[in-house]
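Report on the structure given below.
Any read-out appearing in this document is the output of simple, stated calculations on the displayed coordinates, not a laboratory observation. Keep in mind it's a predicted model, so treat the numbers as computed, not measured. In this analysis, Cβ positions are derived from the backbone assuming ideal geometry, glycine residues included, and neighbour counts consider all displayed protein chains.
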Ligand code: UD1
């Protein structure tokens, strides 16, 4: 059955086959969402290329339409044209906001454009506490007045004013929201301890192309400092922008090779953004070649040499090991030699997938609420397992590649939030995998 973004069809696979071949990496979900949100700030037409065909983007498109934006789409070429000349609605429909947490970045963009935003508390994957206090902190520092009740947030500003904003934690979404509101604020905004993730830099690149005045220093990873000189909204203009490749999808396929064995080439892969991941994969015994110039990563395992666990990995903010690849790493650790202790430092309940992996025969013990111990086993056993969130769902799919017999992953709507065609990609790499009704 072909990919259908709306369906919740299960993914079925038979493990035991090595991966071999080339896969083209899709545009980044986490980079596309904020730049699409940024389009409402620009009273003109923007053209986005390499937009991934995933359900979170569908949700963002509906949110943009609700503000008055007019969208033209060419799915076959991943092109999206957004006309934002007539943005007039500051109230976002609850059904889309509650479906996707990153809808909250529209607050900063709408404040910048209309001086007002009214949103419900955002939703998203069930990976733990996800407050938005830092988003509101950044917007308030810029002069927005904010009223909240248990369901809704109302932000208003006669005029946004540049400010010095020091985040106690470098939240990705709060940094992006603050940048969006600061672009047209009067005066200069300095953000200290900003998130350093490539998706923040990508948003700044897009906004600068569109006429914003944002400085990111060359040693940004060390300083975490962003300086935004406010410009009049009339200075902002339409641009053509290509969404950067998805480092998390690329990383997921790298861990798939550790699960299944094989030899794959990732094309359009952001090699420079995956250094910590590549270093770990090498330590685990795979060969990795990073071809920065051609945006290509080659990953291979020597079938004679068993992939082995490193003793300890912890997630962290960029450039440390990304929390979004914690579950794919966990899947591969289940079938690697030796013991791994894995610590999750970003989200409080990102171990929901453990229960399902254990049902497949994995040996995983919870040490405390943020650490698990994984003892590698020779093989997992095919079972019917349930995807409960995006990255955990993808981890179950790659675990199925290392299982004896048939694995069926249900509730795949979570996976489709971020993976354009995980089944097609793995099938092209030689996996026996398909959607089933
Ligand atoms: C983004 C990514 C997500 C990734 C995460 C960390 C998108 C759409 N999602 O999520 O895939 O896993 O970055 O790289 O880009 N926090 C607060 N208060 C806030 C905001 C965040 O306490 O106001 C906490 C969160 O609960 C969490 C931590 O900060 O524990 C990290 O969150 P944040 O960096 O904001 O992640 P997101 O932007 O939600």
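If you check 89, 76, which single one turns out to be in a loop (DSSP other than H, G, I, E, B) and over 30 Å from residue 348 (Cβ atoms)?
Working: 76 fails: in a loop (DSSP other than H, G, I, E, B).
It is 89.
Taking the listed residues 41, 19, 36, the one that is within 13 Å of the ligand (Cβ to nearest atom) and touching a residue at least 12 places away in the same chain (Cβ under 8 Å) is 36, with no other qualifying.
Would a scan of the range 33-42 turn up a residue that is part of a loop (DSSP other than H, G, I, E, B) and either surrounded by 17 or more Cβ atoms within 10 Å (Cβ to Cβ) or in contact with a strand residue (DSSP E or B) (Cβ under 7 Å, 6 or more places away or on another chain) (or both)?
To start, the set of residues in the range 33-42 that are part of a loop (DSSP other than H, G, I, E, B) comprises 42.
Checking which are either surrounded by 17 or more Cβ atoms within 10 Å (Cβ to Cβ) or in contact with a strand residue (DSSP E or B) (Cβ under 7 Å, 6 or more places away or on another chain) (or both) leaves us with 42.
Scanning the range 33-42, I find at least one residue that is part of a loop (DSSP other than H, G, I, E, B) and either surrounded by 17 or more Cβ atoms within 10 Å (Cβ to Cβ) or in contact with a strand residue (DSSP E or B) (Cβ under 7 Å, 6 or more places away or on another chain) (or both), so the answer is yes.
You will find that of 350, 391, the residue that is within 16 Å of the ligand (Cβ to nearest atom) and either part of a helix (DSSP H, G or I) or without any contact (Cβ under 8 Å) to a residue 24 or more places away in the chain (or both) is 391 and no other.
Residues that are over 22 Å from residue 360 (Cα atoms), away from the ligand (no atom under 16 Å from the Cβ), part of a loop (DSSP other than H, G, I, E, B) and in contact (Cβ under 8 Å) with a residue 60 or more places away in the chain are absent from the range 309-332.
Among the conditions (1) touching a helix residue (DSSP H, G or I) at 6+ places or on another chain (Cβ under 8 Å); (2) surrounded by fewer than 21 Cβ atoms within 10 Å (Cβ to Cβ); (3) within 23 Å of residue 263 (Cα to Cα), the only one that residue 281 does not satisfy is (2). Under the condition of being within 24 Å of the chain's Cα centre (by Cα) and closer than 15 Å to residue 23 by Cα, the residues counted in the range 292-314 number 6. If you take the residues of the range 192-243 that are within 22 Å of the chain's Cα centre (by Cα), without any contact (Cβ under 8 Å) to a residue 60 or more places away in the chain and in a strand (DSSP E or B), which of them is surrounded by the fewest Cβ atoms within 10 Å (Cβ to Cβ)? Per the stated criteria, the residue is 216.
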